[in-house]
Amino acid sequence: AIRARAGTTYTPNTAEDAFPAIDGSGVNIVIFDTGVDDLLHESFTGKFVAGFNAITNTVENPDDDLGHGTHVAGTALGTGGTSGTFRGVAHGAGLIDIKFLQVGDNCATPGFWGRVSLGLEWIIANRTTHNIGVVNMSFRECNSGGAVYSNGLDAVSQLVNYASSIGIVMVAAAGNDG
């Protein structure tokens, strides 16, 4: 429903129709999720710029053991492979892959929100080095009791607000609840 590009049947007034040269080139997008299997999918060939594993606190190209980060990356910046048919919204963008979630984790996992904070701190510290323009966060805030409705004063909210204030576009899923 974002009308980003024309479909197989003509869809008028898409973003691609209005701005055909804008494809994300020159921008790097952080997929802050479960990792991205960029080495396994042709839609990500040559896109990897940098990566960080907030679970192990290491700079690396983290694998996706859940599939969610790979799915989100395809929607955001996938090229669609050799056919280009199913490309992402910003198919010219580079990939910054940050993993904070793995198989077996849930909202009660000790240190879970510390990983989110660590990942956000890495993004802020490396924004210039890696030309980070956009961060996609497709997760919800929760604890062992379920969803948490923030008052905006928690560490994660403050880090997101700060990143936004220094010019990083922060994209958050709304209602990402299972």
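The values are calculated or read from the model by the stated rules, or taken from the named source; none is laboratory data. The structure presented is a predicted model; accordingly, all values stated were derived computationally and were not measured. Positions of Cβ are generated from backbone atoms using ideal geometry, with glycine treated the same way; all protein chains shown enter the neighbour counts. These accessible areas exclude ligands, DNA and RNA; they are computed on the full protein's heavy atoms, side chains included. Shrake-Rupley method; radii C 1.70, N 1.55, O 1.52, S 1.80 Å.
Values computed for the structure shown
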item: Subset tally (residues that are over 22 Å from Gly67 (Cα atoms) and open to solvent by 30 Å² or more (accessible area, probe 1.4 Å)) for the range 127-138; result: 5
item: Residues located in the range 68-103, provided they are open to solvent by 30 Å² or more (accessible area, probe 1.4 Å) and in contact with a strand residue (DSSP E or B) (Cβ under 6 Å, 6 or more places away or on another chain); result: His68, Leu101
item: Residues that are open to solvent by 10 Å² or more (accessible area, probe 1.4 Å), under 19 Å from Arg127 (Cα atoms) and outside any loop (DSSP other than H, G, I, E, B), drawn from the range 30-49; result: Phe48, Val49
item: Selected residue (criterion: surrounded by the most Cβ atoms within 10 Å (Cβ to Cβ)) from residues of the range 108-125 that are modelled with pLDDT of 95 or more and of a type in the set (A, V, I, L, M); result: Leu120
item: Meets criteria (without any contact (Cβ under 8 Å) to a residue 40 or more places away in the chain, among the small types (Gly, Ala, Ser) and touching a Phe, Trp or Tyr at 6+ places or on another chain (Cβ under 6 Å)) for Gly80; result: yes
item: Residue within the range 158-170 that is at pLDDT 95 or above, polar (S, T, N, Q) and either part of a loop (DSSP other than H, G, I, E, B) or under 26 Å from Thr58 (Cβ atoms) (or both) present; result: yes
